[in-house]
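Heads up, the thing below is written out as structure tokens.
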Amino acid sequence: MVRNRYLAIIFGLCAITSVASANIQDVLDGAISAWAFEGDMKDMFGRNDGSVQGDATFAPGKNGMALDVDGTDAWAEVPHGASMNGMADAMTAAVWSRTRSHNGTDFEMFMWKGEKVGWAPGFLFQLGIRSPNGNTSWGISTDDVEGWFHSKEELLDDWHHAAIVADGQDLYAYWDGTPIDVVGGHADFGGAAAAPLPLAGPYALFPDQPIRFGLGQGIGGDVNNKTYYNGLIDDAVIYDRALSQSEVQALMAMDLSTAAAIELRGKLAATWGQLKYR
């Protein structure tokens, strides 16, 4: 009787977690890494763990916990890993953020990867704030060309989701799941600012540089010139493929903290293996 009760509980939980993990797997198809910031900088795929720097900590976020950076000397970073090399051909980077205040400095970054966020072409991708008017800033570059947008978004009212997407030919940007309303930007080769923006790969990987959260660097070309984001950062994901708009919206609807369900599913499988031989 006790054994049957355990089996009923296990089968019920397996049914729940199999649905949850199936949804997670669909949304994360092609994802390289995902960071839920559940009190640490662990990659939910175990490939690219990171670390907090300065005064960075964790606080209640969009889903579960979030990275908390104070705009003065706090950030987090993830070293380049071999799994990120696929981003050269096509890529997506997406993140949730909630801005406390805008410091009025250039390139306060939610999330970016490169050497110089403010001098072309110095980065793989960027998602953050561009002063002096608080525009959001979006960009991707190749070894020779930087393409970027500015858009005017409401930053201080709530949580917002940002995604930058490149499919090997064009550059797209989404704010809260919808294409951005471009108000400025350019491609270094002379193209006008528009979305999508023609930008053919391969894209510059900057393998000697980490992904950074909360810190901008290289403003005006000086790598020692740094700016800091003041707010919360949550559920960051990078892909080696270009997500469609509907996929970006599906990613927005997902709670990365539910990745625990995948771990639970593995534990239940182990428990079932023990029970069936008793």
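The values are calculated or read from the model by the stated rules, or taken from the named source; none is laboratory data. Note that the structure is a prediction, hence the values are computed from the model and not measured. Note: ideal-geometry Cβ built from the backbone for every residue, glycine included; neighbour counts use all protein chains shown.
Assess whether Phe123 counts as being in contact with an Asp or Glu (Cβ under 8 Å, 6 or more places away or on another chain) and aromatic (Phe, Trp, Tyr). Considered against the rule, which asks whether it is in contact with an Asp or Glu (Cβ under 8 Å, 6 or more places away or on another chain) and aromatic (Phe, Trp, Tyr), Phe123 comes out as yes.
Restricting Asp235, Asp208 to those that are within 26 Å of Leu171 (Cβ to Cβ), modelled with pLDDT of 95 or more and either under 16 Å from the mean Cα position of the chain (by Cα) or not assigned by TED's automatic domain parsing to the domain that holds Asp144 (or both) reduces the list to Asp235. Entry remark, the range 28-44: residues being under 14 Å from the mean Cα position of the chain (by Cα) and not in a strand (DSSP E or B) number 7 in total. The numbered conditions (1) more than 13 Å from Val117 (Cα to Cα); (2) in contact (Cβ under 8 Å) with a residue 60 or more places away in the chain; (3) touching a Phe, Trp or Tyr at 6+ places or on another chain (Cβ under 7 Å) are all true for Ala195 except (2).
Screening Gln245, Gln249 for residues that are touching a Pro at 6+ places or on another chain (Cβ under 9 Å) and surrounded by fewer than 21 Cβ atoms within 10 Å (Cβ to Cβ) leaves exactly one candidate, Gln245. Residues of the range 132-154 that are in contact with a His (Cβ under 7 Å, 6 or more places away or on another chain) and either small (Gly, Ala, Ser) or not assigned by TED's automatic domain parsing to the domain that holds Trp96 (or both): Gly134, Ser137. With respect to (1) closer than 16 Å to Met44 by Cβ; (2) assigned to a helix (DSSP H, G or I), the lone exception for Ser246 is condition (1). Total residues in the range 75-87 satisfying the condition of being in contact (Cβ under 8 Å) with a residue 40 or more places away in the chain and either surrounded by fewer than 18 Cβ atoms within 10 Å (Cβ to Cβ) or not aliphatic (A, V, I, L, M) (or both): the figure is 8.
Which members of the range 105-121 meet the condition of being closer than 11 Å to Asn230 by Cα and either assigned to a loop (DSSP other than H, G, I, E, B) or under 14 Å from the mean Cα position of the chain (by Cα) (or both)? Residues satisfying the conditions are Met109, Phe110.
Which one is farthest from Ser137 (Cα to Cα), of the residues in the range 88-117 that are crowded, with 22+ Cβ neighbours inside 10 Å and modelled with pLDDT under 90? For the range 88-117, the residue satisfying everything is Val117.
Please work out which one of (1) more than 25 Å from Pro202 (Cα to Cα); (2) part of a helix (DSSP H, G or I); (3) hydrophobic (A, V, I, L, M, F, W, C); (4) at pLDDT 90 or above is the condition Met84 fails and give its number. Unmet for Met84, out of (1) more than 25 Å from Pro202 (Cα to Cα); (2) part of a helix (DSSP H, G or I); (3) hydrophobic (A, V, I, L, M, F, W, C); (4) at pLDDT 90 or above: (1). Counting the residues of the range 35-74 that are acidic (Asp, Glu), in contact (Cβ under 8 Å) with a residue 60 or more places away in the chain and in contact with an Asp or Glu (Cβ under 8 Å, 6 or more places away or on another chain) gives 2.
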